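The values are calculated or read from the model by the stated rules, or taken from the named source; none is laboratory data. This one's a predicted model, so the numbers in the text were calculated from it and none came from an experiment. Please note: Cβ atoms are built from the backbone with ideal geometry, for glycine as well, and neighbour counts cover all protein chains shown. Ligands, DNA and RNA are stripped out before the accessible areas are found, and what is left, the full protein with its side chains, is counted by its heavy atoms. Shrake-Rupley method; radii C 1.70, N 1.55, O 1.52, S 1.80 Å.
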Amino acid sequence: MDVVELHRRAVAEFVRQVGAVRADQWGAPTPCEDWDVRDLVNHVVGEERWTVPLMAGRTIEEVGDSLDGDLLGDDPAVTAKQAADAAQGALAEGVPRDATVLLSYGEESAAEYAYQLAADHLVHGWDLAVAIGGTTQFDPEVVEAVASWFEDREELYRHGGAIGPRMDGFSSATDSLIGAFGRDPAWTPGHTAVALLGAAFAVGDVDAIMEQVTEDCVFESTSPAPDGTRFEGADVVREQWQRLFAETPDPLFETEEWVVHGDRAIVRWRFSWASDDGTRGHVRGVDVLRLRDGKVAEKLSYVKG
């Protein structure tokens, strides 16, 4: 398959996924922890909007900040389709004549640029699909072509910090490619909730913590032995965590490991505090979490005896 056709198919699938986003899903989390669904779609549409001036020979400096900010408007599906059509037209004209583009790292062939865009659309198409509950098994010919191209470039991407550690052990071609890009094919919105919950506890940000839990959340503390204390409802739980951070000298939560499986998660953590003698005391423990609709509905905490 030539790269223009590869790009066309990858982009068409992404546009199809955008068209499937429900009105209540634009703020949903994605595997890209800093982006919700709208942020992710805006990023890809931005790439498509950049394609036209770059293929016309303009530099990044010349384009400047003209494509910054929200590009989706009131109808993201229509915007995504229009941007995709314009980008596809620019590549279909430029690749056959061996055009070049000026990217952040220097001059590049239009064909290589098209491969990069096709790969990004495929991977972010997967990100979007799992975020909205869509299909995650894509056109096998597109997956095979991107995987073959990526094989010689994977370490360059990883060395540059563009992707995370490789994940292996998957049976399908799509899952294997997603794993090569540093993503977990088993990702759910709960993965993002657990990651953001840990980050919020690490800095003692109770408001950010509460954004990751349900209104009817349940928290079981570690004391008194043997069963701890059970708190129900967001207001009551908030009060407990506010007290913990306010009454503990220099508190620090550190996440050591976490695993999500379906609607359950386990987080291994270390909690330390400043002691009067200038040292730090600490305990180590685990949370057993129950997830619902991308948030934490139950947090049962245990410590080493």
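In terms of Cα to Cα distance under 19 Å, which aspartates and glutamates are near enough to Lys304, apart from those fewer than 8 places away along the same chain? Cα-Cα hits under 19 Å: Glu220, Asp227, Glu254, Glu256, Glu257, Asp287. Accessible area per residue was computed with a 1.4 Å probe on protein heavy atoms; Leu244 scores about 50 Å². Over the residues of the chain, the helix contribution to mean residue ellipticity at 222 nm works out to -14500 deg cm²/dmol, using -39500 (n - 2.57) for each DSSP H run of at least 4.
A simple spin-label model places the labels of Val203 and Asp276 3.3 nm from each other, with each point 7 Å out along Cα-to-Cβ.
Stokes-Einstein, applied to the Kirkwood radius of the stretch 68-226 over Cα pairs at a viscosity of 0.692 mPa s and 37 °C, places its translational diffusion at 172 µm² s⁻¹. Orientation-averaged projection of the stretch 155-229 equals 8.3 nm² [convex hull of Cα atoms, one quarter of hull surface area].
Scanning the chain for trypsin sites (Lys or Arg not before Pro) in DSSP loops with at most 16 neighbouring Cβ atoms within 10 Å leaves 167-303 as the longest stretch between them. Relative to the longest principal Cα axis of the chain, at what angle does helix 3-19 sit, 0 to 90 degrees, rounded to 10? Helix 3-19 and the main axis of the chain meet at about 50 degrees. Its Cα gyration tensor gives the stretch 200-254 an equivalent ellipsoid, and the semi-axes of that ellipsoid, as √(5λ) in whole Å with the largest first, are 17, 16, 9. For the chain, the longest principal axis of the alpha carbon atoms and the long axis of helix 76-94 meet at an angle near 40°.
The magnitude of the dipole of the chain, with charges of +1 and -1 set on the Cβ of Lys/Arg and Asp/Glu and taken from the Cα centre, is near 740 debye. The long axis of helix 189-203 is offset from the longest Cα principal axis of the chain by roughly 60 degrees. With a 10 Å cut-off between alpha carbons and a GNM built on the chain, which of Glu154, Glu93, Glu62 moves the most? It is Glu62. Considering only beta bridges that DSSP places wholly inside the chain, some 90 percent are antiparallel. Only protein atoms count toward the accessible area here, which uses a 1.4 Å probe; on the chain, the carbon and sulfur part of that area reaches 50 percent. According to the Kirkwood relation over distinct C-alpha pairs, the hydrodynamic radius of the stretch 1-128 is 14.8 Å. Entry comment: accessible area of the stretch 56-214 is 47 Å² per residue, from protein heavy atoms only and a probe of 1.4 Å.
Largest GNM mean-square fluctuation across Asp39, Asp68, Asp276, computed for the chain with C-alpha springs under 10 Å, falls on Asp276. Note on exposure: Phe138, Phe14 ranked by accessible area (1.4 Å probe, complete protein assembly) read Phe138, Phe14, with the most exposed listed first. Hey, how many Å between the Cα centroid of the stretch 141-209 and the Cα centroid of the stretch 264-283? Here the answer is 29 Å between Cα centres. Taking Trp126, Trp26 and ordering them by how much accessible surface each has at a 1.4 Å probe, largest first, produces Trp26, Trp126. Treating each Cα of the stretch 164-303 as one equal point scatterer and applying the Debye formula with no solvent, the log10 of I(q)/I(0) at q = 0.11, 0.15, 0.20 Å⁻¹ comes out as -0.46, -0.78, -1.21.
Calculated from the alpha-carbon coordinates, the stretch 250-305 shows an Rg and a Dmax of 13.6, 45 Å respectively. Test of understanding: in a Gaussian network model of the chain with alpha carbons linked when under 10 Å, which of Tyr115, Tyr157, Tyr105 would top the mean-square fluctuation ranking? Result: Tyr105 has the largest fluctuation of those listed. Would you work out the Kirkwood radius for the chain? I mean one over the mean of 1/r across all pairs of different Cα atoms, in Å. Roughly 21.7 Å, rounded to one decimal.
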